[in-house]
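Step one of this worksheet: look at the structure below.
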Amino acid sequence: MTLEVVKYGHPALRQKGALIEKITPEIKKLIADMFETMRASHGIGLAAQQVGLALQLTVIDVREADKERPSTIELKGKPADVGEIMPLVLINPQIKPLGESVEGGEGCLSFPQIYGDISRPELVDVKALDEKGKVIEFRAGGLLSRAIQHEVDHLNGILFIDRMSRKTKEELRAELDELQAATKAELQKK
Ligand code: ZN
């Protein structure tokens with residue numbers, strides 16, 4: 001079942017996610033629905049906040065973008081095939097970004113048609129639970145590193161516009177204000 005993706009201006013996007021204590025059948029269904037929603041929207045990542053739920057849960061799949069924007073992973077310190085961990089479910093993730101900051105373009109399903117360059121550390125160490133409750137640990141680079149940092153920000157109520165340079169945000173100001181106002185007007189109708 002595809003879910004409604006909430007847009008900028010929706011309060012859920014600013015909520016810090018609660019830890020998931022137990023992977024219940026409801027959580028498993030939510031994970032399946034989030035993948036379906038993400039794929040229907042041609043996204044590479046989706047956080048629970050984006051479907052209106054403040055939980056520490058995100059789904060990611062970078063394989064479609066691999067040709068234009070490659071990703072790397074290391075498992076136990078050794079380079080591995082990104083496909084080994086795709087599609088990726090991160091529950092209660094803890095991350096440590098590292099390395100030099102690199103600029104790259106980002107979009108977000110909660111900000112349709114809005115794109116901007118964002119500077120983020122090039123690598124990220126990740127520790128999380130997968131959909132079976134098993135601990136997974138790896139280091140990611142490239143697009144996957146960027147996607148993970150973007151999604152984990154969502155889990156803490158942080159949005160990519162918060163990471164944009166002041167200049168980039170100024171350039172997008174009118175579009176952002178318009179989107180936020182439209183979302184708020186829509187919420188008032190409900
Ligand atoms: Zn996003």
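Laboratory data are not the source of any read-out in this text; all were calculated from the coordinates shown. In this text the structure is predicted, and so the values were computed from the model without any measurement. Here Cβ is always computed from backbone atoms with ideal geometry, including for glycine, and neighbour counts include all displayed protein chains.
Checked against (1) under 18 Å from Leu46 (Cα atoms); (2) more than 16 Å from the ligand (Cβ to nearest atom), Ala147 passes all but condition (2). Under the condition of being in contact with a Leu (Cβ under 8 Å, 6 or more places away or on another chain), aliphatic (A, V, I, L, M) and farther than 14 Å from Leu90 by Cα, the residues counted in region 13-61 number 4. Gln113 meets each of the listed conditions (1) part of a loop (DSSP other than H, G, I, E, B); (2) on the phi > 0 side of the Ramachandran plot; (3) within 16 Å of the ligand (Cβ to nearest atom) apart from (1).
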